[in-house]
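Here's the structure we're looking at; comments come further down.
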Amino acid sequence: MTRQDIATALKVDASIVSRYIEYLILNSQQYVDDMAKKTLPFMYQKSIECINEVLKECGHIYDQKDTVPPLVRLSALRLVKDCNDALFELTANGPSVLPVKKIKEKAGAIGLVDRSNDSNSDSNNFMI
């Protein structure tokens, strides 16, 4: 159903339908942003706790020299490396995602960033 179809069915002007749709989209985006801000710290904490549990279990597996085959012990070491990489990624880059997104949105609103590439690229295309 198009905006014009909705306007016709409601017997209102299409511009009113467009304004309401824009309003609903903005409210939805604000809701998602608010939820992300509220749940992000919890999700980071849970992710870090989970990675730490995996690291402990890998340590137990690696320490069992007599009962665990060498390839399994090596796999545990590989998992330790992967967990440490993920932990570093979480702590180094994770918390900055939302503020960077907000800055890009504000820069786009005032014309400092080319907004046409937002969905296809993570790079900043500053217009100078």
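With a cut-off of 16 Å on the backbone N, the residues of region 29-66 near the modelled label site 7 Å out from GLU105 along Cα-Cβ are 29-40. Neighbour counts of C-beta atoms inside 10 Å place TYR20, TYR31, TYR62 in the sequence TYR31, TYR20, TYR62, starting with the fewest. Between ASP85 and SER18, the modelled label-to-label distance comes to 4.9 nm, taking each label 7 Å out from Cα in the direction of the beta carbon. Given R0 = 30 Å, the distance between the Cβ atoms of THR8 and GLN29 translates into a calculated FRET efficiency of 0.60. Approximating the spin labels as points 7 Å out from Cα along Cα→Cβ, the LYS37-to-CYS50 distance works out to 2.5 nm. Among 78-91, 33-46, the peptide with the highest mean count of other Cβ atoms within 10 Å heads the list, and the full ranking is 78-91, 33-46.
Where a number appears in this text, it was derived from the coordinates with a stated rule and is not lab data. Since the model is a prediction, treat every value here as computed from it, not as a measurement. Positions of Cβ are backbone-derived with ideal geometry, glycine not excepted, and every protein chain shown enters the neighbour counts.
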